[in-house]
Amino acid sequence: QARLKVRSPSARPTTAGCRTMSARSTALGCPKSGAARLAAAAAGTVLATALLRGPAAFVPTSADNHALRGLARTSVGSAVAEPLLQASSSDLGPLGASLPAAGVAAAVGCIAAGAVGLAARRRTPTNQRAAKANAVARRAGEVIETFLLKGPVTESNLNMKCSPLAWHMDLTGIVFFSLGVKPELIAAVAGGGLGLHGVCPVYIADCYGIVGWDDASKSNVELMEKGCGQEFGKVGGAGGEGVVVVAFRGDGHKPTTPDGSGGLAGAGLHMLVTGGDVPAPSTAGAIYGGVAKGCYKLEHSGDLVQVQQFAVSSPSAVVTSFEGDATEAATAALAKAGAKPAAAGYFPCFCRGINKYGKDGVEPEAFAAAGLDGTRLFGMFAQGEFGPPQGEPMACQVDGAKPMEVSKGSMISVLSLYSK
């Protein structure tokens, strides 16, 4: 795995390579079940990283320890993982000489086990169909999967909800919009539990409120921080806890961490979230999004770091900013889009929602009445929204995209319908 990462972070072992590693992993006594092999693979990456950096210089992160705990629960992994967990929880800090002498063999075996487990699962009919879908997604470059997990949010239920994403071979970026859930908990799941940070950039927005698709009610749900908006004389949010997960799939989506001076990729549309800084200017394409409490990125190493802002740039969409009737705005945007999208970005001011209408869910219900029923919304309530000037919806295309000024609104909503 360490060698593959050097070659390409998204590299995958070949089937022939998996067969070779299968024999080696069996000889090393690695677990045979798929789940155990996946747990072993996550911990194997930790071991390999320790060996590459040098045991004395390697300090495990919380995500690393999460992976090691997963290995320790397997029948053959406890002998390897337990000494590492004891060392990392002691006052010694770095693993130092406590890395077992069998560390090299364990790392190779664990990694091989995980690779073989992945290859075997890919050979099943279900995952052959998934592979075809992945190939289509890579060609289209415009696939978005999103859902809301309502609180209380734990590592266990977030891991279970997000685990299907780990099987996609075409992930290009994942965004977590969080309300009342610590970024460290999300990072422990995305990093240690699922290893998504090794596949694509992972971003977290700490939000005033969130909007997302609830599978249980089969509807889009708004949640706003308790009392949010009362400082402006509003009724204030009703409270709640949850995470909206957005997985961007295909090469058409380009995740970046720009700053006020630039750094956005050329695209038709940029979803941009800042922690209060001046949003990056666009050299090509429109910008929509808003201001959150804070923005974070899960590094490839597994470390959680705060960033000024993050963006995911996409080839095409129709975006509209509005202050008035939500049904009219959605109807006009849908007419310009030409087809109902599977997903739509939605960034209202936190003085809208319950603070404008007296109850949650008014604008999502209006969107559904306008023809967007079944379209999954994702986004957040912002303290300052970015979007095009109010008026006619804007059709955004990567071909011929021009530089556009960033317009920061107040008391508006911004809706973006992504092309299929």
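The values are calculated or read from the model by the stated rules, or taken from the named source; none is laboratory data. Please read these numbers as outputs of a predicted model, since none were measured by experiment. Heads up, the Cβs are rebuilt from the backbone with ideal geometry, glycines too, and the neighbour counts pull from every protein chain shown. To get the accessible areas, we keep the full protein, side chains included, count just its heavy atoms, and leave off ligands, DNA and RNA. Shrake-Rupley method; radii C 1.70, N 1.55, O 1.52, S 1.80 Å.
Worth pointing out:
- Just one of the numbered conditions (1) under 23 Å from Asp277 (Cβ atoms); (2) open to solvent by 20 Å² or more (accessible area, probe 1.4 Å); (3) touching a strand residue (DSSP E or B) at 6+ places or on another chain (Cβ under 6 Å) is not true of Val175: (2).
- Verdict on Pro152 being at pLDDT 95 or above and at negative phi: yes
- If you check Gly400, Gly371 for being surrounded by fewer than 18 Cβ atoms within 10 Å (Cβ to Cβ), on the phi > 0 side of the Ramachandran plot and assigned to a helix (DSSP H, G or I), only one passes: Gly371.
- Residue within region 408-418 that is assigned to a helix (DSSP H, G or I), open to solvent by 60 Å² or more (accessible area, probe 1.4 Å) and either in contact (Cβ under 8 Å) with a residue 40 or more places away in the chain or of a type in the set (A, V, I, L, M, F, W, C) (or both) present: no
- Test: residue in region 280-296 that is at pLDDT 95 or above, in contact with a helix residue (DSSP H, G or I) (Cβ under 7 Å, 6 or more places away or on another chain), farther than 23 Å from Val318 by Cα and among the hydrophobic types (A, V, I, L, M, F, W, C): no
- For region 221-254, filtered to residues that are of a type in the set (Lys, Arg) and not in a loop (DSSP other than H, G, I, E, B), the residue that is nearest to Ser282 (Cα to Cα) is Lys254.
- Some residue of region 296-305 being farther than 30 Å from Val181 by Cα, surrounded by fewer than 17 Cβ atoms within 10 Å (Cβ to Cβ) and out of contact with any Phe, Trp or Tyr (no Cβ under 8 Å at 6 or more places or on another chain): no
- Among (1) open to solvent by less than 40 Å² (accessible area, probe 1.4 Å); (2) touching a strand residue (DSSP E or B) at 6+ places or on another chain (Cβ under 8 Å); (3) farther than 23 Å from Pro183 by Cβ, the one test that Gly266 misses: (1)
- For Gly290: the one exception among (1) touching a residue at least 12 places away in the same chain (Cβ under 8 Å); (2) in a loop (DSSP other than H, G, I, E, B); (3) within 30 Å of Ala369 (Cα to Cα): (2)
- When Thr331 is tested against the conditions (1) of a type in the set (Val, Ile, Thr); (2) over 21 Å from Ser219 (Cβ atoms); (3) in a helix (DSSP H, G or I), the lone failure is (2).
- Residue identified as surrounded by fewer than 20 Cβ atoms within 10 Å (Cβ to Cβ) and modelled with pLDDT under 95 among Asp215, Asp251: Asp251
- Cross-chain or 6+ apart pairs with Cβ under 9 Å, region 198-219 first and more than 26 Å from Cys351 (Cα to Cα) and free of Cβ contacts under 8 Å to residues at least 40 places away in the same chain, then open to solvent by 10 Å² or more (accessible area, probe 1.4 Å) and of a type in the set (Ser, Thr, Tyr): none
- Subset of region 294-327 (residues that are in a loop (DSSP other than H, G, I, E, B) and under 19 Å from Met411 (Cβ atoms)): Glu323, Gly324, Asp325
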